Amino acid sequence: MRKKFILGLAILMCSFVFLSVSGSASHPAAGNKAAAAVDKTVTIKNFQFTPKNVTVKVGSTVTWLNKEGTHTVTADNGSFQSPNLSADKSYSHKFTKAGTYRYYCSFHGGAGGADMSGTVTVTK
Ligand SMILES: [Cu+2]
């Protein structure tokens, strides 16, 4: 009777140790990933992207939130392209490669930083 109790206690303790070890082993890795990729939001208002220039880490997602009018988010190099965004619509793109990405609104801007345009700089 007492042996069974001790055996049960030992199994219980083993599972506690296992849970705490596996828990602490997986958490730091997940924490590092979350710290590396920080998502950002660019607001579209007044025929402008605000902030005009953003910098994010590889793996981050940038979301453009349109507050008024109809606009697009069009990459100079064609790597991303939103549909026409009406008011209160948003568009998101995940950046998986480092580099500087110029973009513009196809209605009110142009490639090369003309008028309604901005940049996303992606760092490693
Ligand atoms: Cu526009």
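Pairing each residue of segment 63-76 that is hydrophobic (A, V, I, L, M, F, W, C) with any residue that is more than 12 Å from the ligand (Cβ to nearest atom), provided the two are 6+ apart or on different chains, yields C-beta distances under 6 Å for Trp64/Val42; Trp64/Tyr91; Leu65/Thr41; Leu65/Thr43; Leu65/Ser90; Val73/Tyr91; Ala75/Tyr101. Yes or no: Lys52 in contact (Cβ under 8 Å) with a residue 40 or more places away in the chain, within 16 Å of the ligand (Cβ to nearest atom) and within 18 Å of the chain's Cα centre (by Cα)? The answer is yes for Lys52. Just one of the listed residues (Thr74, Thr61, Thr96, Thr70) is surrounded by 13 or more Cβ atoms within 10 Å (Cβ to Cβ) and more than 11 Å from the ligand (Cβ to nearest atom), namely Thr61. Only residues that are under 12 Å from His93 (Cα atoms) and not hydroxyl-bearing (Ser, Thr, Tyr) were counted across segment 66-81, and they come to 4.
Read-outs throughout are calculated quantities, based only on the coordinates presented, and are distinct from any laboratory measurement. Computed from a predicted model, the values in this text were never measured in an experiment. Note that we place each Cβ from the backbone using ideal geometry, even for glycine, and neighbour counts take in every protein chain shown.
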